[in-house]
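The values are calculated or read from the model by the stated rules, or taken from the named source; none is laboratory data. The model shown is predicted, which means the values in this text are computed figures rather than measured ones. When we count neighbours, we look across all protein chains shown, and the Cβ atoms used for this are built from the backbone with ideal geometry, even at glycine.
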């Protein structure tokens, strides 16, 4: 019975790990898009007078994008932290499963 529970636990942890890795990948792609947008805004902003309303609007948008990027950084840090915890738990569960296998198939 312990072997089956350990296998189910490993499968669950593997699924959680894959889910977090996928979310981290999505955040990374989103951040790349945000960086490109911020860069584009900076280039467009250089074409206008620094005191013009258009430049100020572009600066506000740029600030909002930077705030969004910071939120994404925080979310990615949380996901990375959870991913590390899951990896540690996965290794522990794998060790317990190997121990159960050795005990189950020991002769003598």
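Answer with yes or no whether residue 31 is at pLDDT 95 or above, assigned to a helix (DSSP H, G or I) and surrounded by 15 or more Cβ atoms within 10 Å (Cβ to Cβ). Don't jump to the end; show me each part of the working.
Numbers: at pLDDT 95 or above: no; assigned to a helix (DSSP H, G or I): yes; surrounded by 15 or more Cβ atoms within 10 Å (Cβ to Cβ): yes.
Spelling it out, it is not the case that residue 31 is at pLDDT 95 or above, assigned to a helix (DSSP H, G or I) and surrounded by 15 or more Cβ atoms within 10 Å (Cβ to Cβ).
Of the residues making up the stretch 62-79, those that are in contact with a helix residue (DSSP H, G or I) (Cβ under 9 Å, 6 or more places away or on another chain), more than 17 Å from residue 26 (Cα to Cα) and loosely packed, with under 14 Cβ neighbours inside 10 Å number 1.
Looking at 9, 82, just one residue is surrounded by 13 or more Cβ atoms within 10 Å (Cβ to Cβ), over 15 Å from the mean Cα position of the chain (by Cα), part of a helix (DSSP H, G or I) and touching a residue at least 12 places away in the same chain (Cβ under 8 Å), and that residue is 9. Residue 38 falls short on exactly one of the conditions (1) without any contact (Cβ under 8 Å) to a residue 24 or more places away in the chain; (2) part of a helix (DSSP H, G or I); (3) more than 20 Å from the chain's Cα centre (by Cα), and that condition is (1).
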